[in-house]
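Here is the structure we will look at, set down as structure tokens.
The values are calculated or read from the model by the stated rules, or taken from the named source; none is laboratory data. Small disclaimer: the values here were computed from a predicted structure and weren't measured. With ideal geometry, Cβ positions are generated from the backbone for all residues, glycine too; neighbour counts draw on all protein chains shown.
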Amino acid sequence: MSQAATPASITIGAKVRITRVRDRIPAEMVEALKADATATVTGFRTVDGKGIGVVVQLANGAKAWFFDDEITPA
């Protein structure tokens with residue numbers, strides 16, 4: 001089983017793989033992840049005042065953010 005990434009183990013520019021998605025996402029994002037689930041970390045964001053989200057750029061150029069337990073190092 002893969003281990004979730006932690007914000008401390010992720011740096012901007014790191015390659016990650018999206019392993020799951022908690023929330024509904026647009027169909028084009030689903031297709032992009034099916035084609036290539038790797039992404040490059042471009043930043044971080046605070047979620048709900050207590051968690052950290054990881055902002056990534058997908059292989060197709062789209063940007064999105066994911067919770068740290070939805071990604072693993074690539």
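For this structure, a couple of remarks:
- Here ASP23 does not fit the description of being out of contact with any Ser or Thr (no Cβ under 6 Å at 6 or more places or on another chain), surrounded by fewer than 16 Cβ atoms within 10 Å (Cβ to Cβ), assigned to a helix (DSSP H, G or I) and modelled with pLDDT under 95.
- Hits in the range 26-52 (condition: small (Gly, Ala, Ser), in a strand (DSSP E or B) and modelled with pLDDT of 90 or more): ALA39, GLY43
- Residue count for the range 59-69 satisfying the condition of being without any contact (Cβ under 8 Å) to a residue 60 or more places away in the chain and either farther than 19 Å from THR46 by Cα or part of a helix (DSSP H, G or I) (or both): 4.
- Selection within the range 54-70: residues that are farther than 13 Å from ARG20 by Cα and under 8 Å from the mean Cα position of the chain (by Cα). The member of this set that is surrounded by the most Cβ atoms within 10 Å (Cβ to Cβ) is VAL54.
- When the range 5-20 is limited to residues that are of a type in the set (A, V, I, L, M) and surrounded by 15 or more Cβ atoms within 10 Å (Cβ to Cβ), the one that is modelled with the lowest pLDDT turns out to be ALA5.
- Residue list for the range 14-28, restricted to those being within 13 Å of the chain's Cα centre (by Cα) and not acidic (Asp, Glu): ALA14, LYS15, VAL16, ARG17, ILE18, THR19, ARG20, VAL21, ARG22, ILE25
- Output for the range 38-53, where each listed residue is small (Gly, Ala, Ser) and crowded, with 16+ Cβ neighbours inside 10 Å: ALA39, GLY53
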